[in-house]
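Each remark here refers to the structure printed beneath this line.
The values are calculated or read from the model by the stated rules, or taken from the named source; none is laboratory data. If you're wondering where the values come from, they're calculated on a predicted model, not measured in any experiment. So basically every Cβ, Gly included, is an ideal-geometry build from the backbone, and we count neighbours across all protein chains shown.
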Amino acid sequence: MGVLDDPALYYAPPQDDWAQGDIVVVPTVVLRARGERTAAVYPQPAPPPDGSSSVVYDLWAGDGPLPASAAECWLGPAVVVSDDCAIDKEFNARVDELLAAGCAEAEAIEVARQDESLDRTLLVAPVLPYGQLRFTREDAVRTAQAVGYFPVVDGPEMDEGYVDLGRIVPVSRHLLFGPVACLSEGARSILRWKVAQYCAARNLSVDAQIAAAVGRTITRMQAVEDSKRRLVVDLELDGGAARLRLRQEPRKEEAPPARGRGR
């Protein structure tokens, strides 16, 4: 059994501080145009902490050309997706600054820890039941093959489900409750890969398809030029068991001489 099949390999004891892969109970939100959902009168009781229902509030009137907006909010389990170095980036920078100013390390750490302005938010993504999955195969999510999703294994403190990376949202540290469960290093490694794959889906997803094609036999090939004059190659693998499409990007003109890039 692998990490995604065995709760004993998927989960681990919590770390001393918040870490990528911590599962917490926290509010998450989707911003909508007013009227997409029926808004409630503010305030309302908190929705159930299992994420099963939401509360919608209108935010402000839509004066001028900009549309009026509303917020749909849930309270439920979510996974911390911020990388560990990003979670404490400002804290570590402040410690380095204090050390350079001559503070002892223990004093620098304590001063930085008392500064509430540092690293106020981190990124989370909600854990949803498989019944809410749309247009994606459940088995592809469970095996961490689908781009934009990360599977959550059934465990002592968590029901199975999936993380929707399309709903990543920044939240205040003060809103985090938990952790109710924590991922092992093996599961965290898969989460890091899925976040990187989602944020650079166009390149990394093709890399994954090419890696999956290694060892297969090309049984048919068709090459055409698309409307943007890019060469498109369709490969049939193992007699139609799989297909792979490769698209050539057009060549970019080189920068003129004596003209720098970047800054």
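Scanning region 1-34 for residues that are touching a residue at least 24 places away in the same chain (Cβ under 8 Å) and small (Gly, Ala, Ser) gives ALA12, ALA19, GLY21, ALA33. For region 180-197, check the following and say yes or no: at least one residue is of a type in the set (Lys, Arg), free of Cβ contacts under 8 Å to residues at least 12 places away in the same chain and surrounded by 11 or more Cβ atoms within 10 Å (Cβ to Cβ). No; the residues of region 180-197 include none that is of a type in the set (Lys, Arg), free of Cβ contacts under 8 Å to residues at least 12 places away in the same chain and surrounded by 11 or more Cβ atoms within 10 Å (Cβ to Cβ). Do the conditions hold for VAL111, that is, is it part of a strand (DSSP E or B), aliphatic (A, V, I, L, M) and farther than 20 Å from ALA39 by Cβ? In short, no. Inside region 172-192, can you point out the residues that are part of a helix (DSSP H, G or I), of a type outside the set (A, V, I, L, M) and within 21 Å of GLY148 (Cα to Cα)? Listed by number, the residues that qualify are GLU185, GLY186, ARG188, SER189, ARG192. Consider VAL171 carefully, then state whether it is surrounded by 16 or more Cβ atoms within 10 Å (Cβ to Cβ) and either under 14 Å from VAL80 (Cβ atoms) or free of Cβ contacts under 8 Å to residues at least 40 places away in the same chain (or both). In short, yes. Only one of the numbered conditions (1) surrounded by 13 or more Cβ atoms within 10 Å (Cβ to Cβ); (2) on the phi < 0 side of the Ramachandran plot is not met by ASP96, and that is (1).
Test ARG245 against the stated conditions and say whether it is assigned to a helix (DSSP H, G or I), exposed (fewer than 12 other Cβ atoms within 10 Å of the Cβ) and either modelled with pLDDT of 75 or more or not hydrophobic (A, V, I, L, M, F, W, C) (or both).
For ARG245, the condition - assigned to a helix (DSSP H, G or I), exposed (fewer than 12 other Cβ atoms within 10 Å of the Cβ) and either modelled with pLDDT of 75 or more or not hydrophobic (A, V, I, L, M, F, W, C) (or both) - is not met.
Restricting region 51-93 to residues that are out of contact with any Asp or Glu (no Cβ under 9 Å at 6 or more places or on another chain) and among the aromatic types (Phe, Trp, Tyr), the residue that is surrounded by the fewest Cβ atoms within 10 Å (Cβ to Cβ) is TRP60.
In region 139-160, what count of residues is obtained for those that are part of a helix (DSSP H, G or I) and surrounded by 14 or more Cβ atoms within 10 Å (Cβ to Cβ)?
3
Residues in region 19-73 that are more than 26 Å from ASP83 (Cα to Cα), assigned to a loop (DSSP other than H, G, I, E, B) and among the hydrophobic types (A, V, I, L, M, F, W, C): ALA39, ALA40, VAL41, ALA46, ALA61, LEU66, ALA68.
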